[in-house]
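*Asks:* Quick one: structure below, then a few questions.
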Amino acid sequence: MRQHPSSFRTPDGKTRYSDAYDATLALWPVPFVSQQVTTRWGHTHIVVSGPTEAPPLVLLHGMNLSATMWFPNIADWAHRYRVYAVDTIGSASRSVATQPPRNRAEFACWLDDLCNSLAIERAHLLGHSHGGWIALNF
């Protein structure tokens, strides 16, 4: 898979972002695993929490944010859902695009690829701002 040009202007910027991401993820109040899923648009990073047998809840962050934005809320959801906090492909995050989605149909296809890769047939979707737009279009 060919990688799309980085969202980061410099290697130092990417390192500083990664350090800030890790610092915010350290605030995650419940156990989690990081997971990578491959889609037609590249590799999507996901922070997964909650009981494996619980119903799935997919979280989609706002523009210029990341999955880490959910740290203040995750404890309330992770006790009753299997929570998938997704780093949206094409945004500055731990996801790596080969080609970012360009329109709502492509974002819907990306989310469909993601759910299929995770074997999620039915899920609750929760989106903030741009993430809400993705969820609505899905």
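The values are calculated or read from the model by the stated rules, or taken from the named source; none is laboratory data. Since this is a predicted model, take the numbers as computed values, not measurements. Counting neighbours? That spans all protein chains shown, and the Cβs are built from the backbone with ideal geometry, glycine included. When the accessible area is computed, the model is the full protein with side chains, heavy atoms only, and any ligands, DNA or RNA have been set aside. Shrake-Rupley method; radii C 1.70, N 1.55, O 1.52, S 1.80 Å.
*Asks:* Kindly establish whether residue 112 is within 30 Å of residue 16 (Cβ to Cβ), of a type in the set (D, E, K, R) and touching a residue at least 24 places away in the same chain (Cβ under 8 Å).
*Replies:* So residue 112 fails the test.
*Asks:* Separate question: Return a yes/no flag: does the range 37-48 have any residue that is farther than 20 Å from residue 98 by Cα, of a type outside the set (S, T, N, Q) and in contact (Cβ under 8 Å) with a residue 12 or more places away in the chain.
*Replies:* For the range 37-48, residues farther than 20 Å from residue 98 by Cα, of a type outside the set (S, T, N, Q) and in contact (Cβ under 8 Å) with a residue 12 or more places away in the chain: present.
*Asks:* Test of understanding: among 81, 17, 21, which residue is of a type outside the set (S, T, N, Q) and modelled with pLDDT under 95?
*Replies:* Result of the check over 81, 17, 21: 17.
*Asks:* Can you name the number of the only condition in (1) touching a helix residue (DSSP H, G or I) at 6+ places or on another chain (Cβ under 8 Å); (2) open to solvent by less than 70 Å² (accessible area, probe 1.4 Å) that residue 63 fails?
*Replies:* With respect to (1) touching a helix residue (DSSP H, G or I) at 6+ places or on another chain (Cβ under 8 Å); (2) open to solvent by less than 70 Å² (accessible area, probe 1.4 Å), residue 63 is out only on (2).
*Asks:* Which of the residues belonging to the range 75-129 are in contact with an Asp or Glu (Cβ under 7 Å, 6 or more places away or on another chain) and over 30 Å from residue 9 (Cα atoms)?
*Replies:* Those that are in contact with an Asp or Glu (Cβ under 7 Å, 6 or more places away or on another chain) and over 30 Å from residue 9 (Cα atoms): none in the range 75-129.
*Asks:* Taking residue 34 and the conditions (1) among the small types (Gly, Ala, Ser); (2) part of a strand (DSSP E or B); (3) at pLDDT below 95, which numbered condition does it fall short on, given that it satisfies the others?
*Replies:* (3)
*Asks:* Going by the conditions given, is residue 25 in contact (Cβ under 8 Å) with a residue 60 or more places away in the chain and not acidic (Asp, Glu)?
*Replies:* So residue 25 does not fit the description; no.
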